[in-house]
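Colleague: The structure that follows is given in the form of structure tokens.
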Amino acid sequence: MRTLRIFALVTAGLAYGLIVLGAVVRITGSGMGCGDHWPLCNGQLIPDFTDYRTVIEWTHRLVAAVVSLMVIGVAGLALRKRRELGVAGQGGPLRPALLAAGLLVIPQALLGALAVWRELHATVVTAHFATALALLAALLVTGVRAGFPSGPPPSAAARRGTAAALLLAAGTLLLGGFTASTHAGFACQGFPLCSGRLWPSVESGLAEIQWVHRLAAYALVLHLIGLAVRFRKRGESPVAQRLAGIALAAALLQVLVAAVMVLRFLPAEWRALHAACGTAVWVAVVWLGARALPWAAGRVWPRDA
């Protein structure tokens, strides 16, 4: 299954880049760079590239098409190898590969089209972001399942803590996406408080959106600190301990980037870095989940499989 593993992880890497590129589209105001046309760009397959926003949006669509084809390729490869030991059935890579291709690629494309037709409505854009995160997770799980497990199964406490980390990470990222889509990031200045307050004043509601996102991020960091400490004290496998440490380091880096971004009044380059670090946190937590949760942990395959 080495080929399937490499193919799935390379596709996951491109999906990560696509999510970050989507953030660049939003940050640069390029979401309507192709007008309200979809799948064409300003009514053309290859548009006039005189406007940089058209270049960014068209590139985003092109990369999305490449990633979609690669996801379908991953699913096709998994189907072709389904008779090999460990590919099909519970704990194998076939199911997440089919999930990525059958349930996520089409909704992702349709939500992207709807976002254009609805002129980047915040709810639709956030839903588009959610499916992108789910697609990335499915590809990562496919890649992890296509390899051999490392270490003994995790404890029940480790599984519960990892599941909570996944929920917190997903909630934090989706709140961040909604914050960016509503431009609420500009409504809450200063760090770590919101404009010097423990709770922002109720006016437009934008500051509250930003503040709730920050509270979720703080909760995620605190939870990952506790998780890393518990993993070490309980003697979880070295792989699980290392993955928990990586997830914590990614979350701490994300908070640091967010602090600099806010204190520098949200420059575009720091907002893009913030999106990249946030997606990296998701990758780290999903990878931990793929090793620690019941549907992936404790599986033993022969070394010659």
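Yes/no matrix, rows are residues, columns are (1) within 24 Å of the chain's Cα centre (by Cα); (2) closer than 28 Å to H274 by Cα; (3) surrounded by fewer than 19 Cβ atoms within 10 Å (Cβ to Cβ):
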position	(1), (2), (3)
Y16	yes, yes, no
V20	yes, yes, yes
S30	yes, yes, no
G43	no, no, yes
F49	no, yes, yes
V66	yes, yes, yes
G89	no, no, yes
L110	yes, yes, yes
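Colleague: Ok, one more. Of the conditions (1) outside any loop (DSSP other than H, G, I, E, B); (2) surrounded by 14 or more Cβ atoms within 10 Å (Cβ to Cβ); (3) free of Cβ contacts under 8 Å to residues at least 60 places away in the same chain, L167 fails just one. Which one is it?
Modeller: (2)
Colleague: Just checking, which of C41, C34 is more than 26 Å from A280 (Cα to Cα) and in contact (Cβ under 8 Å) with a residue 60 or more places away in the chain? Full working, then the answer.
Modeller: Values: C41 fails: in contact (Cβ under 8 Å) with a residue 60 or more places away in the chain.
The match here is C34.
Colleague: Just to be sure I understand, how many residues within the stretch 42-61 are out of contact with any Phe, Trp or Tyr (no Cβ under 9 Å at 6 or more places or on another chain) and of a type in the set (K, R)?
Modeller: Looking only at that region, the number is 1.
Colleague: In this structure, is V74 part of a loop (DSSP other than H, G, I, E, B) and closer than 17 Å to V144 by Cα?
Modeller: Against the criterion (part of a loop (DSSP other than H, G, I, E, B) and closer than 17 Å to V144 by Cα), V74 does not qualify.
Colleague: Check A187, A180 and return the single one that is within 19 Å of V125 (Cβ to Cβ), among the hydrophobic types (A, V, I, L, M, F, W, C), buried (at least 19 other Cβ atoms within 10 Å of the Cβ) and in contact with a strand residue (DSSP E or B) (Cβ under 9 Å, 6 or more places away or on another chain).
Modeller: Just a single option satisfies the conditions, and that option is A187.
Colleague: On the basis of being closer than 24 Å to L4 by Cα and either free of Cβ contacts under 8 Å to residues at least 60 places away in the same chain or in contact with a His (Cβ under 6 Å, 6 or more places away or on another chain) (or both), does L94 make the cut?
Modeller: yes
Colleague: Taking the options L136, L99, L110, name whichever one is of a type outside the set (S, T, Y) and within 30 Å of V229 (Cβ to Cβ).
Modeller: Step by step, each of L136, L99, L110 is checked, and only L136 is of a type outside the set (S, T, Y) and within 30 Å of V229 (Cβ to Cβ).
Colleague: Going through the stretch 11-46 one residue at a time, which ones are in a loop (DSSP other than H, G, I, E, B) and of a type in the set (G, A, S)? Steps first, please.
Modeller: Here is the first cut: in the stretch 11-46, the residues in a loop (DSSP other than H, G, I, E, B) are 28-40, 42-43, 45-46.
The answer is G29, S30, G31, G33, G35, G43.
Yes or no, residue by residue, for (1) within 30 Å of T28 (Cα to Cα); (2) free of Cβ contacts under 8 Å to residues at least 24 places away in the same chain:
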site: T182; (1), (2): yes, no
site: S201; (1), (2): yes, yes
site: L206; (1), (2): yes, no
site: I209; (1), (2): yes, no
site: V221; (1), (2): yes, no
site: V239; (1), (2): no, no
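Colleague: Among the residues of the stretch 222-244, which ones are part of a helix (DSSP H, G or I) and more than 14 Å from G161 (Cβ to Cβ)?
Modeller: P238, V239, R242
Colleague: Just to be sure before I move on: is E84 crowded, with 16+ Cβ neighbours inside 10 Å and acidic (D, E) in the structure I sent?
Modeller: Considered against the rule, which asks whether it is crowded, with 16+ Cβ neighbours inside 10 Å and acidic (D, E), E84 comes out as no.
Taken together, the values in this text are just the output of simple stated rules run on the coordinates, not laboratory data. Remember, it's a predicted structure, so these values are computed and weren't measured experimentally. For neighbour counting, all protein chains shown are included, and Cβ atoms are generated from backbone atoms with ideal geometry for every residue, glycine included.
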